[in-house]
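Here's the structure, in structure tokens; my notes come after.
The values are calculated or read from the model by the stated rules, or taken from the named source; none is laboratory data. All values reported here derive from a predicted model rather than from experimental measurement. Cβ: placed from backbone, ideal geometry, glycine included. Neighbour counts: every protein chain shown. Surface areas here come from the heavy atoms of the whole protein model, side chains and all, with no ligands, DNA or RNA. Shrake-Rupley method; radii C 1.70, N 1.55, O 1.52, S 1.80 Å.
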Amino acid sequence: MKLNIKDKFNKELPADPILENSRRQVSEACFSFVTPKITAKPELLHVSHEMLENLGLSKTDTTSEEFLNIFTGNKVLENTTPYAMCYGGHQFGNWAGQLGDGRAINLCEVEHNGKNWALQLKGAGETPYSRNADGLAVLRSSIREYLCSEAMFHLGVPTTRALSLALSGDQVLRDVMYDGNSAYEKGAIVCRTAESFLRFGNYQIFAARQDDVNLKHLVDYTIKHHFSHLGKPSKATYIEFFKEVTNRTLEMIVHWQRVGFVHGVMNTDNMSILGLTIDYGPYGWLEGFDFGWTPNTTDRQHKRYRYGNQPNIGLWNLLQLANALYPLIEDAAPLEAILNQYKTDFESKSFEMMKSKLGLFETVDNDEYLIKDLEENLQLVETDMTIFFRNLSDFKDEDTGFEVLKNAFYDFDNMSSDIKEKWELWFLNYQVRLQQEFTTHQERKAKMNAVNPKYVLRNYMAQLAIDDADKGNYRLIDELFQMLKKPYDEQQEYQKWFTKRPDWARDKVGCSMLSCSS
Ligand code: AMP
Ligand code: MG
């Protein structure tokens, strides 16, 4: 196996001088060297062939013992020194101090075709940042991360990716719903990849410790390797840097809103500096369209990270990043201006996004009312977001509106006449509005189908793959993986997955209720 290893993070940034793998506060360092844990009986379950290619590897590489051993942490690649990153973060709105890679170990960085890929094992054992946990991951959460990160990539959403999914052969003790019912589960390891895994929290930790020297070191490093188009570090460059992180974060969240993805734990340690979706934990996909929905049971009370609040939380998190960068800039005005611009941009970008979902491309007055009415209607009775928007591309006129969209409603037969009227009015308005477009129906349909996915990783689908995998059957992981590579295509062979959540999944743990336990 030949990888073009080009380590930078652990070569150019300050390392923790202590090599012992003990839990501790690590100051004046960006990371600690650490060796992955030897596993009992590693077994490869799935590999992303596209990620292999991205790294300059081929399918035959995956059949070697070496591949298995390296991507489960049982062997360290020659000339590499694995490490865990030090970061802090705000969790659920409160500063939590040092967090760090508690169950992630970076192997190395690889350069291929002009791209940088950091390779990281999730669940490969404890690190100085493991606090009171074991550094391991279970199969259930590993399948969820593996499938979803690749699915998001194919949906066109900026994201970290995944190379491989493996069983460790170890048993891992977890209390899934935090109710005192611990049980052993299969341990697993995902090798995930990204240009960089840097998070807002990596900068925040230095700012919190008033360590401006290392803060500057890390920001300069980030600009040099990941934002080099911004030029040499200076106060002006730092402002531009913050502006670009803001824009990327906004863009990512608008994509989330478009496809109905709810991250579930938008803590600042889970916000990528590159604007990538990162840390797939208790995330979920909207089934019924509902701004108030969150999949994360830990957040059930306040619903801080609910679907409709993601844009606001993005802004709140960016404010924390601005505070962290302030010592390097010493001028609040430009940072405030960027944050204010986020609010304006968010309005205009989500408006454009919603217009594209409706197949509206001309600029016409009152579209905001058409969209607002639609969002209200969608929440009157349980209405499947994915099916609704996908089928909307078949909408021709008011008279056949229900025929085309009926399938999106959970209980169409019992819809009240009041609600039916509201929909009929909306259909009429939409029909009238469509007459102001210059595209043919076929053109509109093609454009709408390119932004409204037919297939997303509904929570119950991931759970079915998990239930099978627990019994040793991994076929469904591959089926979903293959299907989610082309989420916008019709793929008749997968039609059975273009359906509303079945009733059994409504209140099932893993489907509608998820916790951070992974
Ligand atoms: P998360 O909510 O997954 O973003 O995790 C928050 C923090 O807890 C991060 O610093 C993680 O590294 C750490 N963490 C979560 N689960 C574990 C685990 N099983 N072992 C060690 N650290 C963990
Ligand atoms: Mg995290």
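Annotation: amide H of Ala96 within the under-5 Å range of Gly89, His90, Gln91, sequence separation 5 or more or interchain, hydrogens built in the peptide plane.
Toward the positive end of the charge dipole of the chain, about the Cα centre and with charges on Cβ (Lys, Arg +1; Asp, Glu -1), which of Pro17, Leu139, Leu107 goes farthest? Highest projection toward the positive end goes to Pro17. Setting aside same-chain residues fewer than 8 positions from Lys122, which aspartates and glutamates have a Cα under 18 Å from its Cα? Hits, sequence-local ones excluded: Glu43, Asp101, Glu109, Asp134, Glu145, Glu150, Asp170, Glu185, Glu195, Asp269, Asp279.
If you sort Thr298, Thr439, Thr60, Thr222 by accessible surface, 1.4 Å probe, largest first, the order is Thr60, Thr298, Thr439, Thr222. When each of the peptides 352-358, 276-282, 69-75 is scored by how many other beta carbons lie within 10 Å of its residues on average, the order from highest to lowest is 276-282, 69-75, 352-358. Each of Arg24 and Leu173 was given a label point 7 Å from its Cα along the Cα-to-Cβ line. The distance between the two points is 2.7 nm.
Of the trypsin sites (Lys or Arg not before Pro) found in the range 426-478, those in coil by DSSP whose Cβ has at most 12 other Cβ atoms within 10 Å are Lys471.
The value of relative contact order for the chain, using C-alpha pairs under 8 Å at least six residues apart, is 14 percent.
Excluding same-chain neighbours fewer than eight residues apart, the lysines reachable from Lys235 by a Cα-Cα span under 23 Å are Lys216, Lys224, Lys243.
Global dimensions of the range 272-425 from alpha-carbon coordinates: Rg and Dmax equal 19.2, 62 Å.
Heavy atoms of the protein chains alone define the surface here; on that basis the range 433-494 has 45 Å² accessible area per residue at 1.4 Å probe size.
Over the residues of the chain, the helix contribution to mean residue ellipticity at 222 nm works out to -12500 deg cm²/dmol, using -39500 (n - 2.57) for each DSSP H run of at least 4. In a DSSP loop and with at most 15 other Cβ atoms within 10 Å, the chymotrypsin sites (Phe, Trp or Tyr not before Pro) in the range 411-518 are Phe438. Rolling a 1.4 angstrom probe over the protein heavy atoms with all chains in place gives the range 145-254 an accessible area of 34 Å² per residue.
The charge dipole of the range 363-436, taken about its Cα centre with unit charges on the Cβ of Lys, Arg, Asp and Glu (plus for the first two, minus for the last two), comes to roughly 180 debye.
Once you sort the root eigenvalues of the Cα gyration tensor of the range 9-200 as a ≥ b ≥ c, which label holds: rounded (a/c under 1.5), prolate (a/b larger than b/c) or oblate (the other case)? Here the range 9-200 falls in the rounded category. For the range 9-200, a simple Cβ point-charge model (Lys and Arg +1, Asp and Glu -1, everything else neutral) yields a dipole of about 360 debye relative to the Cα centre.
Residues of the range 452-469 with an amide N closer than 14 Å to a point placed 7 Å from the Cα of Arg475 along the Cα-to-Cβ direction: 465, 468-469. Quick one: which of Lys422/Lys447; Lys59/Lys486; Lys6/Lys59; Lys357/Lys422; Lys41/Lys496 span more than 24 angstrom between C-alpha atoms? Where the Cα-Cα span goes over 24 Å, the pairs concerned are Lys422/Lys447; Lys41/Lys496.
Ranking Thr222, Ala332, His263 by how far each Cα lies toward the positive end of the dipole of the range 211-356 (charges on Cβ) leaves His263 at the top. Basic side chains Lys and Arg get +1 at the Cβ, acidic Asp and Glu get -1 at the Cβ, and with that the dipole of the chain about its Cα centre reaches some 980 debye. Using a simple spin-label model with points 7 Å from Cα along the Cα→Cβ vector, what separation in nm is obtained for Lys406 and Glu336? Distance between label points: 5.7 nm. Protein heavy-atom surface of the chain, 1.4 angstrom probe: 49% of the accessible area is carbon and sulfur, with nucleic acids and ligands not counted.
Legend: residue pairs Lys349/Lys396; Lys37/Lys303; Lys186/Lys485, Cα-Cα distance threshold 30 Å; pairs beyond threshold, Lys37/Lys303. Less than 5 angstrom separates the built amide H of Val176 from those of Ala183, all sequence-distant by 5 or more or on a different chain.
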